[in-house]
Structure formats: structure tokens, C-alpha cells
Amino acid sequence: MAAGVVQGFTVPPQTHAQVPAAATGLKMSDSTGFDSFELSNPKNIPYGERSRVYRRTVYTHDDWKKHRSQDRFAYYLSAIFRSGVYKNMFREVGATVTVAAFIVVYDCLTGGFSDFQGILHDPILPMLPIAKLPVLPFTLAAPSLGLLLVFRTNSSYRRWDEARKNWGMNINHTRDLVRLANVYYDSTGVTPEQRQADLDNVALCTWAFVRAMKRHLSPEEEDEEAFQEEMLTKLPQQQAEMIIDAAHRPNRALQDLSYAIESLPMHYIRKNEVQAAVTIFEDNLGSSERLLTSPVPVFYSRHLARFLAIWLLLLPFALVEPMKYTWNSVGLIPATAILSVFLFGIEELSTQLEEPFTILPMQVFCDKIYNWCMEIVSWSPGDNGRPLRPVRTEHAYFTDGSGQDQPRGYY
């Protein structure tokens, strides 16, 4: 990949050799490192990637009732074959089950077998050894593997939790910013129409930032078209085009928001208080960019994947002896399948959580922020029926901007 700038990030040139396509349909990419993969056929997207859009859950009270239902175990077990997590592990589990099935057949050929009537038959290949390993090495390695899986899962969950908190801060401070802008607005000498236009501009610029941040953290093929359509629909054309054409769109949206705040008629101290929310937005954006561009150290993920894969691929050899009491040791196959599903499932869950933004309902957050901000700026002083009192002389400094004794506006 040639050097360039992608959404504000400089991409350095890569010099390592290209690796040929693998049998899995994935090929190595030179975009971010040796462990970067890309699909050899972009249209052949794995189910695990396609299913991420269905994980953007926003719970309501009814959802919590279902979540606590006493029938949840029965439902979850009945839906096990429809689980996107398990579907995404088909190859890995299939490999371990294949090894287990091979061992069952091989040991029947080398150690003898019994037919359906229970009659024992001599081995067909008695000169070959029985395929089995002692269970002790697996017992000794299991605690270390468990610790690696726990640390991986906890690290991935913390990343998801931080991303969710960043968006929670966005939700909180968008409402706070627009509320303060509405309350602090000095309407003296300003027509109601101009006041509403100024506040609408602040609300739209606030929404434009979170929408640009959502696009910044989403795959281009998923969100670019919808992003441009929303920008051009809700914002003035020139402003929308400036954001769309910017190298770093959230930065441009924040700049517009600062301009909108600075144009409001209010004392500079109050403006500074409103601008403080913009700084918080910048912090949330930087934190989210860090999560997006910096995974759990890849050498840790590589080692865990190799450890887990080798451990599970060799485990059937160690289960031969414990399973010899089943018919022709056939119990080895379901035992291997169940252990593989659960252990590969833990690793799969941590991998799915590691990049949190494509499983967070960011579009729902943006839509709610838009609705709430536009509603807040539609309110005006006195519309609740309570009479307003003129600003006291000692407080006039914050409304007229000059400290004059003549009161301006209301509080």
C-alpha cells in the first residue's frame, strides 16, 4: 500500500514481502503488519463480520424482562445452532472434530474394534501403534491457557466498556452544551427568529460532530453513503461539503461547533463554559481513535491463538484413554466438539469485543442526540408558564458583556 493519508492518519509505506493466498480464502495484507489479513474475495465476507450489525443492542424495559426470564437457559440452548459466534468457529471446531474422528478410526484399525453386536474383532493394522498421549501435560498447561483466555477477555471487555463510556459522555455533554447555549443566550436586541436560528445552528453543529465521529469509526463501505446523505440533508450545503471533503471530518465538525458557539450573544465567561464541552468531545474522539488503531498487542493474540489451537488439536490424543469405556472410543468425538466450542468460543468472544465500534449502536446514539438537541433548542424562557424576573444589577455583567448597570435579558 502506498504511503498516504486516510481520514487524518498517515499510512507509512510497507516493505515486507507479500504472502501468497491461503487455503482459507484469506490473504496476507501489507497494510498494518504481518498478521493483517484481507479477504481474497471482498464479496465473500465471513458470517462473523456480517452478524456484527445485529449485535448493536439498545435495551428497553421489555428487553430487560426477557433478559431476566427464567426461560432464558432453554431459549439460549435451543438457539445454539443459530448463534453467530458458533457459526464463526465452524472451521476451528471442524478441524478438532476431524482429528478426533481420525483417532477413533485409526485406533480401531490398530487396536481392534467391536461391532454393533458387541463382538470384538482383531486389529487390521496391528503393527502400528495406538494414537494416544498422556493427559498430564494437558493438565499442567490448562491453568496457563485459562489465565491467557481470562486476560484476553477482560482486556477486550475493558476496550468495549471504554468505547461505550466515550459515547455516553458524548450523549451527556451534547445535551449539556445545547442546554447551556439556550439558557445563557442573551436575547436583548435579538429577534425571536434570529435567536432560534442561532440555537438551531448550535444544535446541528453538535449533531454533525457525533455523526462525523460515527463515520470516522465505521467501515467506509457501511456508512459513507448514509453519512453524506445525512450531512447534505440536515446541514447547509457549503457546511456539509466542507465536512465531507475534510481529511479529518470530526475535527472540521468541531471547528464549526466552536464557530457557532463563539457567534452566540453571551458573556465570554459563559462561552468558555460552553466551549468546555467541545474539549470533552475532542478527548472522547482521541480515546476512540486510540481504541480503533491500537489493538491488544498482536503478539499476545498470536500466542494465545497458537496455544489454544495446538492444545485443542492434540487434546483428542489425550482423551483416548478416558474415552476407551465408550463404544470404540466414539465418545471422543462429542467430547472434543463440546470442549472446542466452549474454549474457541471464549477466544472468539474476546476477538469480537476487541474492536467495539462496529457492535455499538452508534447510529441510534446519533439519532437520539439529534432529536434531543433539536428539542432542547425549541424551548424558550418562560414557556413553562413561570414568570421571569429581570436580571439583577449585580448580575448584569454576565448578560451585557460590559459590566454596565443597565440589566439586559433574563435569568
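The values are calculated or read from the model by the stated rules, or taken from the named source; none is laboratory data. Just so it is clear, the structure is predicted and the values come from calculations on it, not from any experiment. No Cβ is skipped: glycine too gets one built from the backbone with ideal geometry, and neighbour counts run over all protein chains shown. To get the accessible areas, we keep the full protein, side chains included, count just its heavy atoms, and leave off ligands, DNA and RNA. Shrake-Rupley method; radii C 1.70, N 1.55, O 1.52, S 1.80 Å.
Does Ile130 meet the test of being outside any helix (DSSP H, G or I) and among the aliphatic types (A, V, I, L, M)? Against the criterion (outside any helix (DSSP H, G or I) and among the aliphatic types (A, V, I, L, M)), Ile130 qualifies. The residues of segment 256-269 that are crowded, with 17+ Cβ neighbours inside 10 Å and within 11 Å of Cys205 (Cβ to Cβ), listed by number, are Asp256, Leu257, Ala260, Ile261. Selection of segment 214-223 for residues being open to solvent by 10 Å² or more (accessible area, probe 1.4 Å) and of a type in the set (Asp, Glu) yields Glu220, Glu221, Glu222. Of the numbered criteria (1) open to solvent by 70 Å² or more (accessible area, probe 1.4 Å); (2) within 30 Å of Glu162 (Cβ to Cβ); (3) in contact (Cβ under 8 Å) with a residue 60 or more places away in the chain, the one Glu375 fails is (3). Looking across segment 177-213 at every residue that is within 30 Å of Arg290 (Cα to Cα) and charged (D, E, K, R), the one that is surrounded by the fewest Cβ atoms within 10 Å (Cβ to Cβ) is identified as Arg179. Within segment 240-255, the set of residues being under 27 Å from the mean Cα position of the chain (by Cα) and not basic (Lys, Arg) comprises Ala240, Ile243, Ile244, Asp245, Ala246, Ala247, His248, Pro250, Asn251, Ala253, Leu254, Gln255. If you check Ala318, Ala277 for being within 30 Å of Pro265 (Cα to Cα), over 19 Å from the mean Cα position of the chain (by Cα) and open to solvent by less than 30 Å² (accessible area, probe 1.4 Å), only one passes: Ala277.
Filter segment 91-120 for residues that are acidic (Asp, Glu) and either touching an Asp or Glu at 6+ places or on another chain (Cβ under 8 Å) or not in a helix (DSSP H, G or I) (or both) and give the result.
Matches in segment 91-120: Asp115 only.
If we scan segment 256-271, do we find a residue that is over 16 Å from Asp198 (Cα atoms), of a type in the set (S, T, N, Q), out of contact with any Leu (no Cβ under 7 Å at 6 or more places or on another chain) and not in a loop (DSSP other than H, G, I, E, B)? Within segment 256-271 (the criterion being over 16 Å from Asp198 (Cα atoms), of a type in the set (S, T, N, Q), out of contact with any Leu (no Cβ under 7 Å at 6 or more places or on another chain) and not in a loop (DSSP other than H, G, I, E, B)), the answer is no, since none of the residues qualifies. With the condition kept exactly as written, say whether any residue in segment 198-215 is farther than 30 Å from Ala305 by Cβ, in contact with a Leu (Cβ under 9 Å, 6 or more places away or on another chain) and either of a type in the set (Val, Ile, Thr) or modelled with pLDDT under 95 (or both). Among the residues of segment 198-215, at least one is farther than 30 Å from Ala305 by Cβ, in contact with a Leu (Cβ under 9 Å, 6 or more places away or on another chain) and either of a type in the set (Val, Ile, Thr) or modelled with pLDDT under 95 (or both), which makes the answer yes.
The set of residues from segment 330-358 being assigned to a helix (DSSP H, G or I), open to solvent by 30 Å² or more (accessible area, probe 1.4 Å) and of a type in the set (A, V, I, L, M, F, W, C) comprises Ile333, Ile338, Leu339, Val341, Phe342, Leu343, Ile346, Leu349, Leu353. In summary, Thr139 fulfils each of the numbered conditions (1) out of contact with any Gly (no Cβ under 6 Å at 6 or more places or on another chain); (2) outside any helix (DSSP H, G or I) with the single exception of condition (2). Taking first residues from segment 133-145 that are under 20 Å from Ala100 (Cβ atoms) and partners that are assigned to a helix (DSSP H, G or I) and of a type in the set (Gly, Ala, Ser), the Cβ contacts under 9 Å between residues at least 6 apart in sequence or on separate chains come to Leu133/Ala318; Pro134/Ala318; Val135/Ala318; Leu136/Ala318; Pro137/Ala318; Phe138/Ala318; Thr139/Ala318.
Only one of these is over 29 Å from the mean Cα position of the chain (by Cα) and not in a loop (DSSP other than H, G, I, E, B): Leu148, Leu180. Name it.
Numbers: Leu148 fails: over 29 Å from the mean Cα position of the chain (by Cα).
When all the criteria are applied, what remains is Leu180.
Within segment 280-315, restricting attention to residues that are outside any helix (DSSP H, G or I) and in contact with an Asp or Glu (Cβ under 8 Å, 6 or more places away or on another chain), which residue is most open to solvent (accessible area, probe 1.4 Å)? That would be Pro295. For segment 73-90, the count of residues that are part of a loop (DSSP other than H, G, I, E, B), modelled with pLDDT of 70 or more, surrounded by 13 or more Cβ atoms within 10 Å (Cβ to Cβ) and among the basic types (Lys, Arg) is zero. Of the residues making up segment 71-119, those that are more than 29 Å from the chain's Cα centre (by Cα) and without any contact (Cβ under 8 Å) to a residue 40 or more places away in the chain number 13. Give segment 183-200 a look and list any residue that's in a helix (DSSP H, G or I) and either under 30 Å from the mean Cα position of the chain (by Cα) or under 17 Å from Asn272 (Cβ atoms) (or both), or say none. If the condition is that a residue be in a helix (DSSP H, G or I) and either under 30 Å from the mean Cα position of the chain (by Cα) or under 17 Å from Asn272 (Cβ atoms) (or both), then Val183, Tyr184 are the ones that fit.
Residues checked against (1) farther than 23 Å from Pro356 by Cα; (2) over 29 Å from the mean Cα position of the chain (by Cα):
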site	(1), (2)
Leu204	yes, no
Phe209	no, no
Met213	no, no
Leu235	yes, no
Gln238	yes, yes
Ile261	yes, yes
Leu264	yes, yes
Tyr268	yes, yes
Glu273	yes, yes
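Of everything listed in (1) open to solvent by 70 Å² or more (accessible area, probe 1.4 Å); (2) closer than 21 Å to Ser218 by Cβ, the single unmet condition for Ile243 is (1).
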